[in-house]
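A.B. asks: If you scroll down you'll find the structure; I have some questions about it.
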Amino acid sequence: MTRSLWSVHTGALTKLVPAPAAGRVFRQPGRVGLADCSPSGRARLDAVARWIQDVAYADVDDAGVADRAVWVVRRTRLRVERFPRFGERFEAATFCSGLGRMWAERRTTITGVGDGEGDVEAVTLWVHLHPEGRRPFPLTRDELAVYGEAAGERRVTARLRHPASPPDGGGRSFGWTFRETECDLAAHINNAAYWEPLEEELLGTEEPGRIDVEMEFRAPAQPGQKLVLCAGERRWIVDPDGETHASLVISSLET
């Protein structure tokens, strides 16, 4: 039985544009592993986020531009039409869907082998950092030569879109701890780990069948105690001093 728990206007989320008629589309095979799954065998959202960042790096490495910049995630939307399950093989296809001066948007589709349509559609905004100074800087000519054709004339912005904090007047909250083992090469918590508090909630409810959710990253987090603030379909991950590290909005969730 399908039950809709959330229904928010999807136009407020980042657009999922179709694959380009021309330009680079990179594809990489994968398989849902033991550590990717909930006890039911469903791939978790943090695992899906990790696959998306892995295929993004594989793409820039294959294109010969991996050393030009360090890329960090600003925002990710995941629309899961069907959760991949343990042992299934899949293909991740990714392409540049828009450009800005110091950032770029990347679309990714995860399709089960033998399926006709994508099981997961994702769009991620990546900020382009200098490999030494770790500050935003313009895309290089080499990168534009690789990704410009697929992006076409589509321009994207890196402006934050989610509310910085919940409205006054309550809402529930729960504690969360980021661990040292969740830090990545940038010396802060990896973006995939931010999906774990939502997964903790999902594991305490009926098995999700579909979900459409967007997360926005504001300030890098370090290991330690955090608080997850909840207001309706929205969540904020904040530190004890009130600084917001990330926010998310659940557009739709069906069980």
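The values are calculated or read from the model by the stated rules, or taken from the named source; none is laboratory data. All of these numbers come straight from a predicted model, not from anything done at the bench. Virtual Cβ from ideal backbone geometry, glycine too; neighbours counted across all protein chains shown.
A.B. asks: Since Asp212 meets every condition but one in (1) crowded, with 17+ Cβ neighbours inside 10 Å; (2) in the same structural domain as Gly118 (by TED's automatic domain parsing); (3) touching a Lys or Arg at 6+ places or on another chain (Cβ under 6 Å), which condition does it not meet?
C.D. replies: For Asp212, the failing item is (2).
A.B. asks: Next up: Can you pull out the residues in the range 185-209 that are more than 23 Å from Ser38 (Cβ to Cβ) and surrounded by 12 or more Cβ atoms within 10 Å (Cβ to Cβ)?
C.D. replies: Of everything in the range 185-209, those that are more than 23 Å from Ser38 (Cβ to Cβ) and surrounded by 12 or more Cβ atoms within 10 Å (Cβ to Cβ) turn out to be Ala186, His188.
A.B. asks: Then there's this: Within the range 216-234, is there a residue that is closer than 24 Å to Leu125 by Cα, buried (at least 20 other Cβ atoms within 10 Å of the Cβ) and of a type in the set (Gly, Ala, Ser)?
C.D. replies: yes
A.B. asks: Can you tell me which residue in the range 67-117 is surrounded by the most Cβ atoms within 10 Å (Cβ to Cβ), limited to those that are in contact with a Gly (Cβ under 9 Å, 6 or more places away or on another chain) and not in a strand (DSSP E or B)?
C.D. replies: Applying the filter and picking the extreme gives Pro84.
A.B. asks: Listed residues Asp119, Asp142; which is in contact with a Ser or Thr (Cβ under 9 Å, 6 or more places away or on another chain) and of a type in the set (D, E, K, R)?
C.D. replies: Numbers: Asp142 fails: in contact with a Ser or Thr (Cβ under 9 Å, 6 or more places away or on another chain).
Within the list Asp119, Asp142, the selection yields Asp119.
A.B. asks: Look at Arg50 and say whether it is part of a strand (DSSP E or B), within 15 Å of the chain's Cα centre (by Cα), closer than 26 Å to Ala246 by Cβ and not hydrophobic (A, V, I, L, M, F, W, C). Quick ask: steps written out before the conclusion?
C.D. replies: Working: part of a strand (DSSP E or B): no; within 15 Å of the chain's Cα centre (by Cα): yes; closer than 26 Å to Ala246 by Cβ: yes; not hydrophobic (A, V, I, L, M, F, W, C): yes.
The answer is no for Arg50.
A.B. asks: Can you confirm whether Arg27 is basic (Lys, Arg), within 19 Å of Asp184 (Cα to Cα), modelled with pLDDT of 95 or more and in a strand (DSSP E or B)?
C.D. replies: So Arg27 does not fit the description; no.
A.B. asks: If you check Thr140 against the conditions, is it within 24 Å of Phe95 (Cα to Cα), surrounded by fewer than 18 Cβ atoms within 10 Å (Cβ to Cβ) and touching a Gly at 6+ places or on another chain (Cβ under 7 Å)?
C.D. replies: On the way: within 24 Å of Phe95 (Cα to Cα): yes; surrounded by fewer than 18 Cβ atoms within 10 Å (Cβ to Cβ): yes; touching a Gly at 6+ places or on another chain (Cβ under 7 Å): no.
Here the answer is no, as Thr140 does not meet what is asked.
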